[in-house]
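Below is one structure, written out as structure tokens; comments come after it.
The values are calculated or read from the model by the stated rules, or taken from the named source; none is laboratory data. Please read all numbers here as calculations on a predicted model, not as lab measurements. No Cβ is skipped: glycine too gets one built from the backbone with ideal geometry, and neighbour counts run over all protein chains shown.
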């Protein structure tokens, strides 16, 4: 058996994943002939037939499947090494782009970031606020280094630190409803009443619907602070994060409508960043800082 190259392994992986030589060539931005030649050379060097070419589509042989499984761990190590090399090549970042999402308690989020960046005077905090699908979209489009919001945890491109649950409560001001507020309020009763919703700052992603009453009159605002004021003044009803309205629920300035038809929403607040991108030394220290300090901060 003769030596083989990483490039040949990458070609085999692409053919198996994409289901053919042409598709693999497109994925690797190489010619069909180059992919074909690389696989033929790999098979010759190994003395093993890796691909079955007898059908309409090529497929791995039994030996090819076994070899490919082992090769995937090598490719994974190479990708990790590439990311690590990118990290080593980075110096201290001049700035980090962080996004606070609308599900993040402002006080706790700023305390967390302030505690870290006070130790890094040479790195500027570039802080932005986004809502609903906006934070994750900015992160996936490389317009943010870190977000404090919720993410789709099934996305393999992301890694996260759990910060805790955030509950959203459907609320109204006293006197807003033309009927008695109970836990048995139905959607039909609410359909003619104005609902206050937050504008989704996602540009391209499909807009998400969090208990928005279709066909009902709407009042749109930019953030939860404005939404809270609109609802307290009896201009609309809507869902607000419980951490913002604990006092108002206790003193009666807001009434909960939570019930079977309007159960409220609970989401998981996380700190998230790209798993598939290199991170500089300050970004990695921030990640470690959040891991160490966030649980105690959110428990206060």
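Overview of values
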| read-out | value |
| --- | --- |
| Members of region 143-162 that are part of a loop (DSSP other than H, G, I, E, B) and either at pLDDT 95 or above or in contact with a helix residue (DSSP H, G or I) (Cβ under 9 Å, 6 or more places away or on another chain) (or both) | 143, 144, 145, 150, 151, 152, 155, 157 |
| Residue among 98, 15 that is on the phi < 0 side of the Ramachandran plot, in contact (Cβ under 8 Å) with a residue 40 or more places away in the chain, crowded, with 16+ Cβ neighbours inside 10 Å and in a helix (DSSP H, G or I) | 15 |
| Residues of region 176-219 satisfying the condition of being at pLDDT 90 or above and under 24 Å from the mean Cα position of the chain (by Cα) | 197, 198, 199, 200, 201, 202 |
| Condition broken by residue 64, with the remaining ones in (1) assigned to a helix (DSSP H, G or I); (2) out of contact with any strand residue (DSSP E or B) (no Cβ under 7 Å at 6 or more places or on another chain) satisfied | (2) |
| Search result, residues across region 104-128 that are outside any helix (DSSP H, G or I) and over 15 Å from residue 269 (Cα atoms) | 118, 119, 120, 121, 122, 123, 124, 125, 126, 127, 128 |
| Pick from region 165-175, criterion crowded, with 18+ Cβ neighbours inside 10 Å and over 14 Å from residue 259 (Cα atoms), ranking: modelled with the lowest pLDDT | 166 |
| Residues (in contact with a helix residue (DSSP H, G or I) (Cβ under 7 Å, 6 or more places away or on another chain) and closer than 15 Å to residue 236 by Cβ) located in region 173-188 | 173 |
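Listed here are the residues, each with its yes/no results for (1) surrounded by 12 or more Cβ atoms within 10 Å (Cβ to Cβ); (2) over 17 Å from residue 287 (Cα atoms); (3) out of contact with any helix residue (DSSP H, G or I) (no Cβ under 8 Å at 6 or more places or on another chain); (4) assigned by TED's automatic domain parsing to the domain that holds residue 201.
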site	(1), (2), (3), (4)
40	yes, yes, yes, no
43	yes, yes, yes, no
49	yes, yes, no, no
62	no, yes, yes, no
118	no, no, yes, no
127	yes, no, no, no
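Results for (1) outside any strand (DSSP E or B); (2) at pLDDT below 95, shown as yes or no for each residue.
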| site | (1), (2) |
| --- | --- |
| 243 | yes, yes |
| 248 | yes, no |
| 258 | yes, yes |
| 262 | yes, yes |
| 272 | no, no |
| 276 | yes, yes |
| 287 | yes, no |
| 291 | yes, yes |
| 297 | yes, yes |
